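Notes follow the structure.
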Amino acid sequence: MLHHVSLPVRDLDAARAFYDAALAPLGFRCVARGDRFAGYGVEDGRDKLALMCVGSARAAGTGFHLALSAPSEGAVDAFHAAALRFGGTDNGAPGLRAHYGPHYYAAFVIDPDGHRLEAVYKESAGAS
């Protein structure tokens, strides 16, 4: 259904450092860039998440967050650690969220511009 999602950022270089680090464990990388934007995805030129430098970023309200698929529980852990290392704020440490489902493993962070992000893996290592 969605082609891509765009997030406004104040400082594109700082945002790229954060997203380069946080998204790498999830298998995403910068696949498109220009003077005022950077796009992340898995294929060159086919971004799914775009950062748009607008000078004065304003994050969506507290009810909005962007959930990103992770390939493993370890990738969720690495996403969270990298996000915190590059200026993110913890909004929920990695762990099982049984109230969302029996195999819902996730971590939550807030990026330097205030955007709420989640990395989620929904298959437990012990799941059959």
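Derivation of every value follows stated rules applied to the coordinates shown; laboratory data play no part. Everything numeric here is computed off the predicted structure, so don't read it as measured data. Cβ: placed from backbone, ideal geometry, glycine included. Neighbour counts: every protein chain shown.
In the range 5-64, the inverse of the mean reciprocal separation of distinct Cα atoms equals 11.6 Å; this is its Kirkwood hydrodynamic radius.
A Förster radius of 22 Å, combined with the Cβ-Cβ distance separating R85 from R10, puts the computed FRET efficiency at roughly 0.65. Note that the chain, at 10 °C in a medium of 1.306 mPa s, gets a Stokes-Einstein diffusion coefficient of 107 µm²/s from its Kirkwood radius over C-alpha pairs.
Going by Cα centres, the range 96-114 and the range 25-59 are how many Å apart? Using only Cα atoms, the two centres lie 22 Å from each other. Relative to the longest principal Cα axis of the chain, at what angle does helix 12-23 sit, 0 to 90 degrees, rounded to 10? Around 20 degrees separate the two axes. Judged by the mean number of other Cβ atoms found within 10 Å, the most tightly packed of the peptides 59-65, 21-27 leads the ranking 21-27, 59-65. Against the longest alpha carbon principal axis of the chain, how many degrees, from 0 to 90 and to the nearest 10, is the axis of helix 73-85 turned? That works out to roughly 40 degrees. Comparing D90, D113, D35 in a Gaussian network model of the chain (Cα springs below 10 Å), the most mobile by mean-square fluctuation is D35. Among beta bridges identified by DSSP and lying wholly in the chain, the antiparallel ones come to about 70 percent.
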